[in-house]
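The values are calculated or read from the model by the stated rules, or taken from the named source; none is laboratory data. Note that the coordinates shown come from a computational prediction; the quantities given were computed from them, not determined experimentally. Cβ coordinates were reconstructed from backbone atoms using ideal geometry, including for glycine residues, and neighbour counts include every protein chain displayed. For accessibility, only protein heavy atoms count, side chains too; no ligands or nucleic acids. Shrake-Rupley method; radii C 1.70, N 1.55, O 1.52, S 1.80 Å.
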Amino acid sequence: MSNQRKRPNGEREEDDEEDDAEGIGQWERAYVDDRSWEALQEDESGLLRPIDTSAIYHAQYRRRLRMLSAAAAGTRIQKGLIRYLYIVIDFSRAAAETDFRPSRMAIMAKHVEAFIREFFDQNPLSQIGLVSIKNGIAHTLTDLGGSPESHIQALMGKLEAAGDSSLQNALELVHEHLNQIPSYGHREVLILYSALSTSDPGDIMETIQKCKKSRLRCSVIGLSAEMFICKHLCQETGGLYSVAVDEVHLKDLLLEHAPPPPAIAEFAISNLIKMGFPQRAAEGSMAICSCHKEVKIGAGYTCPRCKARVCELPTECTICGLTLVSSPHLARSYHHLFPIAPFDEVPTLTSANDPRRKLGKSCFGCQQSLLGAGNKPGPCVTCRKCKHYFCLDCDIYIHESLHNCPGCESIHRPKSVSLMEE
């Protein structure tokens, strides 16, 4: 008789469960560990209530906010507002692995698309370029530009995994492109690496030192396991290295690179930059676009220096080299220099008649009631300066999109405007 038959029934059942757990994939294990079905609740009629994930999302958001504010507390950090970022995506045969459902390649493309949109929303003066690694060769998908749609369209049209990966070839290619960037631009490389090895034609250590000398900040997000060469690259160039354990973690790691990073102290030099504010072309006017070399009607902007036509902003005039931006782009770039301090969480109160809640029965932002079912006080936050109360949704919207406290702005309004409204 085998040893398994001699064991009690309870032990044999536990062994079967362990065998089943070992056979499930990473994407299934996430649901098993989470046990989200245990959070289901029924109402009075026996129907399932929807799961409220807003509190969980807000807790994760505030942890990230506190971590960022703690790192910058008491210090004045210079940040690069004009960034030139190349995203390197590993499309080797390792990208076809299915530990990320449906595949690593599909998940990378999905979250890179979301990252590109978020990047341009937070860095309107910056530019992005795309590079792919396939068959041991690095290919330029798009050159540096400020159009998110053109980058996304080029990425979605090249989703194919094949061959080996070559980290050195990718670094050589992006170094060739970024080495031509002006000194005021911050040169960054973000690598999404799927493989567990790299097939390089030469000494990659020399390439890493070349990138360090040219002030390239290289960061790597791995999708398989930690690699020494990737960690060494990030340490030498001042970047970040991390390994994603699941899809949600990959999304969080990518979005951490959307805000501008602190400038390297030895290269943080103040520069005056010449910029042009072009006027939008009149409707129905016909001109040759300088960036696409095509005749276009009524679309684009006119360079104030050489009168050339360009399609979109921000960009660099291909004729005279002048940096072309719009005033809203310039204004939106300043919120990274003067961020809003995190709001303080209001402790859970025992009753709605608590004196601390007299001025905070409704959110100052959306004017929605802060009282939940049965007039019970709901979760909220308060601004340290103006002392107004805000709901969780407005807290996230103010810090991630608006970048201004409505309560503080209403206090600082000129008296003449208030008199006119009265």
Practice prompt. Sticking with the crude label model, points 7 Å out along Cα→Cβ, report the distance from Glu113 to Arg384 in nm, one decimal please.
Written response: 4.0
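Accessible area of region 79-267 with a 1.4 Å probe: how many percent of it is carbon plus sulfur?
Details: 3770 of 7580 Å².
Heavy-atom surface of region 79-267 belonging to carbon and sulfur, 1.4 Å probe: 50 percent.
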Worksheet item: Between His249 and Arg93, how many nm apart are label points set 7 Å from Cα along the C-beta direction?
Response: 2.6
Item to complete: In whole Hz, with x marking every Gly and Pro, tabulate ³J(HN,Hα) for region 291-304 from phi via Karplus 6.51 cos²θ - 1.76 cosθ + 1.60, θ = phi - 60°.
Response: 8, 10, 6, 10, 7, 10, 10, x, 10, x, 9, 10, 5, x
Discussion item. Would region 275-337 count as rounded, prolate or oblate if I go by the C-alpha gyration tensor, calling it rounded below 1.5 in a/c and otherwise prolate when a/b exceeds b/c, oblate otherwise?
Written reply: prolate
Fill in: In Hz, Karplus ³J(HN,Hα) per residue of region 396-409 (6.51, -1.76, 1.60; θ = phi - 60°; x = Gly, Pro)
5, 5, 5, 7, 9, 10, 6, 6, 8, 7, x, x, 5, 5
Worksheet, complete the sentence: In whole angstrom, the spacing between the Cα centers of region 281-311 and region 118-148 equals 24
Response to the item:
Sorted by chain and then number, the residues having a modelled amide H within less than 5 Å of the amide H of Leu216, at least 5 places away or on another chain, are none
Worksheet entry | Label-point gap, in nm, between His336 and Ser214 - each point 7 angstrom along Cα→Cβ | 2.1
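Give the accessible surface of region 79-267 per residue, rounded to a whole number of Å², with probe radius 1.4 Å and ligands, DNA and RNA excluded. Working shown, then result.
Numbers: 7580 Å² over 189 residues.
That works out to 40 Å² for each residue.
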Item to complete: DSSP loop (so not H, G, I, E, B), at most 16 other Cβ within 10 Å: list which trypsin sites (Lys or Arg not before Pro) in region 270-335 pass both filters.
Response: Lys274, Lys293, Arg305, Lys307
Fill in: Interchain or long-range residues, amide H under 5 Å from His388's placed H
Cys383
Discussion item. Assuming 0.36 nm per residue, please report the length gained on full extension of the stretch Glu400 to Glu312 beyond their Cα-Cα distance.
Written reply: 29.2 nm
Worksheet item: What's the extension gain from Met156 to Ser199 if we count 0.36 nm per residue and subtract their Cα-Cα distance?
Response: 12.9 nm
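Which entries in Lys274/Lys307; Lys361/Lys385; Lys210/Lys274; Lys110/Lys251; Lys110/Lys158 show an alpha-carbon gap greater than 21 Å? Don't skip to the answer; put the middle values down first.
Details: Lys274/Lys307 16 Å; Lys361/Lys385 18 Å; Lys210/Lys274 29 Å; Lys110/Lys251 9 Å; Lys110/Lys158 13 Å.
Distance filter (> 21 Å) returns Lys210/Lys274.
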Discussion item. What percent of all Cα-Cα pairs in region 81-198 falls into each 10 Å bin, going from 0 up to the bin containing the maximum distance?
Written reply: 14, 47, 32, 7, 0
Discussion item. Please list, ordered by chain and number, the residues whose modelled amide H lies under 5 Å from the amide H of Leu144; skip anything fewer than 5 residues away on the same chain.
Written reply: none
Worksheet entry | J(HN,Hα) series, region 161-166, from Karplus relation 6.51 cos²θ - 1.76 cosθ + 1.60, nearest Hz, glycine and proline x | 9, 6, x, 8, 10, 9
